[in-house]
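> Sharing a structure with you now.
The values are calculated or read from the model by the stated rules, or taken from the named source; none is laboratory data. Since the model is a prediction, treat every value here as computed from it, not as a measurement. Neighbour counts run over all protein chains shown; Cβ positions are idealised from the backbone, glycine included.
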Amino acid sequence: MKSTEGRQYVIDNLSAEESWRMFRIISEFVDGIETMSEITRGVTVFGSARSEPTSPEYQQAERLGKLLAEAGFEVITGGGGGVMEAANKGAAEAGGHSVGLNIELPFEQRPNPYANIRLSFRYFFVRKVVFVKYSMAYVVMPGGFGTLDELAEALTLIQTHRIRPFPVILFGSDYWTGLVDWMRGTQLAHGMISPEDLDLFRIMDDPDEVVRFIKQVVIL
């Protein structure tokens, strides 16, 4: 009897924990929507948290953030260091909205000081929804698994018509050409994607070119 009561106690507590988790998820959505309500021309810049200030991608991201802010766009990043910090820095120093959507991780991800609009997320999937909802374009700079995850998410949503198409720019031909060659030579060759899927993104190398392209194609 005691064993049965013990199992039931555990089940009840697990059920209660799941219920509270749902409330935490809902609260993150509410906080995200309320905080981001003024963001109407957001461009998200993804990239590695490990990039040093002396690296080319850091310096290019900083210039990109500056140019986007000067063009009237709000710059959104994952809120951490490296490329994210650089883009936030460029936007903030240009007097623009500099948004950091930080994720709580046990290592690597610490909020950078250049975001003047900040949110902190416990759940990756809530953060992804906020990225997509408030972005008019994605600029994907050199990065790791997290950057690839965000890229794949955007391409999947556009490919499956779950969201309205928007510009997805892979910044840095040296970094991304190998991946695109693999998509063409392996995924496309095996029929896993369609030829038109390779038109869902562009590769660019110049921050000025990126901003000009976004201004030309976004629907305001």
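> Being of a type in the set (S, T, Y), over 16 Å from R41 (Cα atoms) and surrounded by 15 or more Cβ atoms within 10 Å (Cβ to Cβ) narrows it down to one residue among Y138, Y114; which is it?
Unique residue meeting the criteria: Y114.
> When T147 is evaluated against the numbered criteria (1) at pLDDT 95 or above; (2) β-branched (V, I, T); (3) more than 24 Å from E85 (Cβ to Cβ), which criterion, by number, is the only one it fails?
The one condition T147 does not meet is (3).
> Which ones in region 49-78 are touching a Phe, Trp or Tyr at 6+ places or on another chain (Cβ under 9 Å) and small (G, A, S)?
Within region 49-78, S51, A61, G65, G78 qualify.
> Select from region 172-220 the residues that are within 18 Å of the chain's Cα centre (by Cα) and assigned to a loop (DSSP other than H, G, I, E, B) and write down the one among them that is surrounded by the fewest Cβ atoms within 10 Å (Cβ to Cβ).
The qualifying residue surrounded by the fewest Cβ atoms within 10 Å (Cβ to Cβ) is V218.
> Which of the residues belonging to region 118-134 are closer than 18 Å to E85 by Cα and either out of contact with any helix residue (DSSP H, G or I) (no Cβ under 8 Å at 6 or more places or on another chain) or not aliphatic (A, V, I, L, M) (or both)?
Listed by number, the residues that qualify are R118, S120, F121, R127, F131.
> Could you list all residues from region 83-111 that are surrounded by fewer than 24 Cβ atoms within 10 Å (Cβ to Cβ), under 24 Å from L67 (Cβ atoms) and of a type outside the set (A, V, I, L, M)?
If the condition is that a residue be surrounded by fewer than 24 Cβ atoms within 10 Å (Cβ to Cβ), under 24 Å from L67 (Cβ atoms) and of a type outside the set (A, V, I, L, M), then K89, E93, G95, G96, H97, N102, P111 are the ones that fit.
> Hey, can you tell me all the residues within region 17-40 that are among the charged types (D, E, K, R) and free of Cβ contacts under 8 Å to residues at least 40 places away in the same chain?
E17, E18, R21, E34 - these are the residues of region 17-40 that are among the charged types (D, E, K, R) and free of Cβ contacts under 8 Å to residues at least 40 places away in the same chain.
> Quick check: anything in region 16-33 surrounded by 11 or more Cβ atoms within 10 Å (Cβ to Cβ), in contact with a strand residue (DSSP E or B) (Cβ under 7 Å, 6 or more places away or on another chain), within 22 Å of V217 (Cα to Cα) and at pLDDT 90 or above?
Checked region 16-33: no residue is surrounded by 11 or more Cβ atoms within 10 Å (Cβ to Cβ), in contact with a strand residue (DSSP E or B) (Cβ under 7 Å, 6 or more places away or on another chain), within 22 Å of V217 (Cα to Cα) and at pLDDT 90 or above.
> Test of understanding: among L67, L155, L105, which residue is over 15 Å from the mean Cα position of the chain (by Cα), at negative phi and not in a loop (DSSP other than H, G, I, E, B)?
Values: L155 fails: over 15 Å from the mean Cα position of the chain (by Cα); L105 fails: not in a loop (DSSP other than H, G, I, E, B).
None of the others qualify; the one that does is L67.
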